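Notes follow the structure.
Where a number appears in this text, it was derived from the coordinates with a stated rule and is not lab data. Just so we're clear, the structure is a prediction, and the values are computed from it rather than from any experiment. Because the Cβ atoms are built from the backbone with ideal geometry, glycine has one as well, and the counts that use them run over all protein chains shown.
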Amino acid sequence: MPNLDGALCLTDSNSNFWLSFVESEIEYAKSKCHECPAIMACASIIMDEEYSVGVLAGTSEFDRMELIWKEVSSVEGSNWSGFDRLISEDL
């Protein structure tokens, strides 16, 4: 997790929820992010990092995957954009 001043994920008694794969724990972490004074700094980390894990700035890993997934019009196209396209092409 990012070490940001005032971040609730660092001081919350359930700080392990930010790296959980349990839906109810992820939702708890996401709800706390919306109260966090460091949410904007955390959001900038998402933009800078090519690969980020856990709940960051109120988004889960799955949420961020949905943002980079896109519809394609042909079977030759890839649904992934950016760095993740390399993964789908096994490079």
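Could you calculate the contour length gain from N3 to A43, that is, 0.36 nm times the residue separation minus the distance between their Cα atoms, to one decimal place in nm?
Working: separation 40, 0.36 × 40 = 14.40 nm, distance 1.30 nm.
13.1 nm is the gain from fully extending N3 to A43.
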Environment charge at Y28 (Cβ cut-off 14 Å; Lys +1, Arg +1, Asp -1, Glu -1): -3
Net lengthening on full extension, T11/L67 (0.36 nm per residue, minus Cα-Cα): 17.3 nm
³J(HN,Hα), Karplus 6.51/-1.76/1.60, whole Hz, each residue of the range 5-21, x for Gly, Pro: 4, x, 5, 5, 5, 7, 10, 5, 5, 10, 4, 5, 5, 5, 10, 7, 10
